[in-house]
Structure formats: C-alpha cells, structure tokens
Ligand code: SAM
Ligand code: SF4
C-alpha cells in the first residue's frame, strides 16, 4: 500500500493507485423506485426528472468506454432498475458490448413476473432480489408500501426464466427484521437460494437511523446458528465476492454475510459505480465522484471519456472511513445503487 502504482498512459486496464484492478461497474439506471424502504431513502424523497438522467445511448457509450478499459462485469441497479423504460433493450445493448462477459441486476423483484423472461432473452445472467422478511406486515412496514406476495411472484418468475440460483439480499435492521434472519435461512434447507445478509450502511439523509439500527454480521450469524445449528463454509469461494458462502447441514441453498461496517473488504474491492445522473462514484461510502455526463453532453470524444474515466479510477480512495465516523452525506443509497 505504501508505493503507489504509477498511472499508465494511454490507459489499457483500469487500476487505482493501490494496484487494485477495477473491472466491475455497477450502473444505477434511475434513482426512482416503486418502494420507499426505511433504510434506503426518506419517505418524502423527490426523484430526478428523466432528462436529468443518463439516456440509453449515453449509458451504452460509458459502458463501452469502461469495457475498453477492462471492465468485464456490469450490474444494473437503482433506485429500481426495472421501472426504467426500455430496460430490456438496454440489457441487450450492454450485453452486446465486446468485453462484457456478465450482466447482473439488483431489483426488488416486483416487476419480474412481466420482465424476467424478456430480460433473460436479452442476455441478463443473474438477479439479486431484495427480501428482508417473510412476514407481510413487516415487509409493508420496511418498504412503507410493498406487498410481499408480489416479490414472491418475482422470485418464481426469475427461477422459471432460468436465473438460478436466485440470490436474495436481506438488509438486517434492528427492530425491523433482526429476528427474521432465522426464517429466511430456513428457506435454504429446501430451496436453491443464495441469501446475503447485509449490514446496514450509513449514507445520506437517513444516516442517523442507519447507524443506530445496524446489526453486526456476527450477531446475525450467532442468532442463525443458535436456532438452526452450525454453518459450514462452502468450498470454491470467489475471493472478490464480499460474502463468503456458508451452508446449514443438509441444506440445498447457501448464505453469506456482507459485513461492510464491521469487517470492511476494501482491500479486495474491484468496483466502480455510475450514478443515474452520470457521475463515476469511486467508493460507495465516500462522496468522491467525477462527472462524466457534462463532458459527454458537451461533445467529448471517446478517447477523452476513456481518459477521464481511467484517471478518475486511479484516484479511487482506499476505502470508507466509517470507523472515524466519516459519513458520506451527498446522496441516498437509492441514488447510487448499493
Ligand atoms: N431497488 C433495488 C433493490 O432494492 O434491490 C436495487 C437498488 S437497492 C439501493 C440495492 C441494494 O441495496 C438492495 O439490496 C438494498 O436492500 C440495499 N440497501 C439499501 N439501503 C441500504 C443500506 N442503507 N445499507 C445496506 N444496504 C442497503
Ligand atoms: Fe427502492 Fe431498493 Fe431502495 Fe427499497 S432498497 S427503496 S426497493 S431502491
């Protein structure tokens, strides 16, 4: 970490000054959402008008630039990516970009009964569906409006379309669903699900709530093991995946813990994020961003965009500074995509 890796000109594969190769781009397609999860956004949030968001051609151009710099995996997120008009065609166009080998999506699942099959036909490789509880009343409380049955129909549609194993994201929030992790884990005994229990991260205007309700992964894991027995590590962990996989004895599915707050995994970070309003965000939990929309809209050529992106990536900060209580306040989670 002490000797900076030099910037190479012209850039070929993006890396930062710590030598981390950055090959995974998460793209927020919109800040808008059909839910209002308590840990993600304030209830009175105002979404950006469509003209303030990157247009389809702009997203394709920026992913092309990223792919030319070694990005091979893209994830569409939001806000809720499935509420963006034309999302299926956008999947097709991004999947066709040379060098992009995997395209995933994080979604609340509500639109999947209609979209799962077309998304797969367009080339989507994987979905993560957010599900924090199996209790319909708690689901409504957490999402401030959602119907749990709609998410289940989305999970079924994803499976039927071949997006297996379906990954479930569960944000553990004290006082809302910290006890529900046991019932969720029980699902893995009979279903080929891959559940990720995520520590609540502080960001934006709801940071105080997020900080006060965080549940450490160690506590979640202890609760699961006390109720259902020991968790055994599953072989073949991909070192870049922040969730090491575990399994209950005899289970079909598996689970993992994303412990960004109590056990940061910044050392192995390979990610960059593109916000829906066209900023390259260098770390989820830091406000360092570089504007790509302005140069794009003022006619910058491909080589210039590529250079701005590579130079920005080189300045990626080492990691978050939550332990020093340094919270990024400029955006909500829904405006970045998690
Ligand atoms: N709307 C989609 C969804 O909910 O899956 C995609 C966007 S959402 C911002 C992406 C992921 O971030 C979801 O799994 C969500 O649960 C998670 N998330 C939202 N706020 C969070 C927070 N404060 N801490 C940790 N994860 C969070
Ligand atoms: Fe919407 Fe996803 Fe945020 Fe929930 S977590 S409010 S579904 S963007």
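A short reminder: the numbers here are calculations on the coordinates, not readings from a lab. These numbers come from a predicted model, not from an experiment. Because the Cβ atoms are built from the backbone with ideal geometry, glycine has one as well, and the counts that use them run over all protein chains shown.
With the simple spin-label model, which puts each label point 7 Å out from Cα in the Cβ direction, the residue 227 to residue 212 separation comes to 2.5 nm.
Taking R0 as 22 Å, what's the FRET efficiency between residue 291 and residue 21 from their Cβ-Cβ distance, rounded to 0.05? The formula returns an efficiency of 0.40 here.
Compare the peptides 300-313, 99-112, 42-55 by average per-residue count of other Cβ atoms within 10 angstrom and give them in order, highest first.
With the highest mean Cβ count within 10 Å placed first, the list reads 99-112, 300-313, 42-55.
Kirkwood radius, the stretch 134-221, all distinct C-alpha pairs, inverse of mean reciprocal distance: 14.2 Å. The calculated FRET efficiency for residue 138 paired with residue 85, based on their beta-carbon distance and R0 = 35 Å, is about 0.65.
At full extension, residue 265 and residue 178 could sit 29.1 nm farther apart than now, given 0.36 nm per residue minus the alpha carbon distance. Taking the longest Cα principal axis of the chain as reference, the axis of helix 56-68 is set at about 80 degrees. Subtracting the Cα-Cα distance of residue 121 and residue 152 from their residue separation scaled by 0.36 nm leaves 9.0 nm.
Between the stretch 315-338 and the stretch 220-236, how many Å separate their Cα centres? Value for the Cα centre distance between the two parts: 29 Å.
Placing pseudo-labels 7 Å out from each Cα toward the beta carbon at residue 301 and residue 160 gives an inter-label distance of 5.1 nm. Per residue of the chain, the DSSP helices (runs of n ≥ 4 H) give a summed -39500 (n - 2.57) that works out to -8000 deg cm²/dmol at 222 nm. Note on residue 145/residue 114: beta-carbon distance plugged into 1/(1 + (r/R0)^6) with R0 of 22 Å gives a FRET efficiency of 0.70. Determine, at each q value in 0.07, 0.10, 0.11 (inverse angstroms), the log₁₀ of I(q)/I(0) that the Debye formula gives when each Cα of the chain is one equal point scatterer. Calculated log10 I(q)/I(0) at the listed q: -0.27, -0.57, -0.70.
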